[in-house]
Amino acid sequence: MPPLCTAGYGLATAQWSYFFGAFYLYVINSVFISISTFLIVRFLKFQPVSYVNAETATRVKRWVITIAVLTIIPSLYLAYNFVKNEIFVQMRIT
């Protein structure tokens with residue numbers, strides 16, 4: 001089931017762990033898709049957007065970087081714990 005559907009199910013049935021887990025997965029997917037789109041657009045050398053003033057451009061860049069970092073740091077922590085757990089499980093099996 002897609003993350004947003006699972007979040008809706010968790011919300012409808014008051015299963016908050018389902019809701020927050022699925023909604024966080026949706027946010028992670030959205031941010032990483034945005035980052036990969038940004039990198040591909042830079043790689044293909046499209047013309048950048050021109051802003052009315054430099055202050056707006058700076059503010060937008062700061063928000064994008066802040067959101068990306070706030071999403072990436074917990075994702076790395078969760079991925080590290082997941083891999084560590086899987087290694088532990090595999091060592092117990094063999």
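Numerical summary
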quantity: Nearest-0.05 FRET efficiency for Leu4 and Ala54, computed from C-beta distance (R0 41 Å); calculated: 0.65
quantity: Val69-Ile93 pseudo-label distance in nm [points 7 Å out on the Cα-to-Cβ vector]; calculated: 3.9 nm
quantity: ³J(HN,Hα) computed for each position of segment 68-80 - Karplus, 6.51 cos²θ - 1.76 cosθ + 1.60, integer Hz, glycine/proline x; calculated: 4, 5, 5, 8, 6, 4, x, 5, 5, 4, 5, 5, 4
quantity: Spatial separation of Cα centroids for segment 56-94 and segment 1-44, in angstrom; calculated: 14 Å
quantity: Ellipticity estimate at 222 nm from DSSP helix runs (n ≥ 4, -39,500 (n - 2.57)) divided over the chain, nearest 500; calculated: -29500 deg cm²/dmol
quantity: All-pairs Cα distance distribution in segment 1-47, expressed in whole percent, bin size 5 Å; calculated: 5, 24, 19, 14, 10, 9, 9, 6, 4, 1
quantity: About the Cα centre, charge dipole magnitude for the chain (Lys/Arg +1, Asp/Glu -1 at Cβ), debye; calculated: 240 debye
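Throughout, read-outs are computed from the coordinates displayed, never taken from laboratory work. A quick note: this is a predicted structure, and the numbers were derived from the prediction, not measured. All Cβ positions, glycine included, derive from the backbone under ideal geometry; neighbour counts span all protein chains shown.
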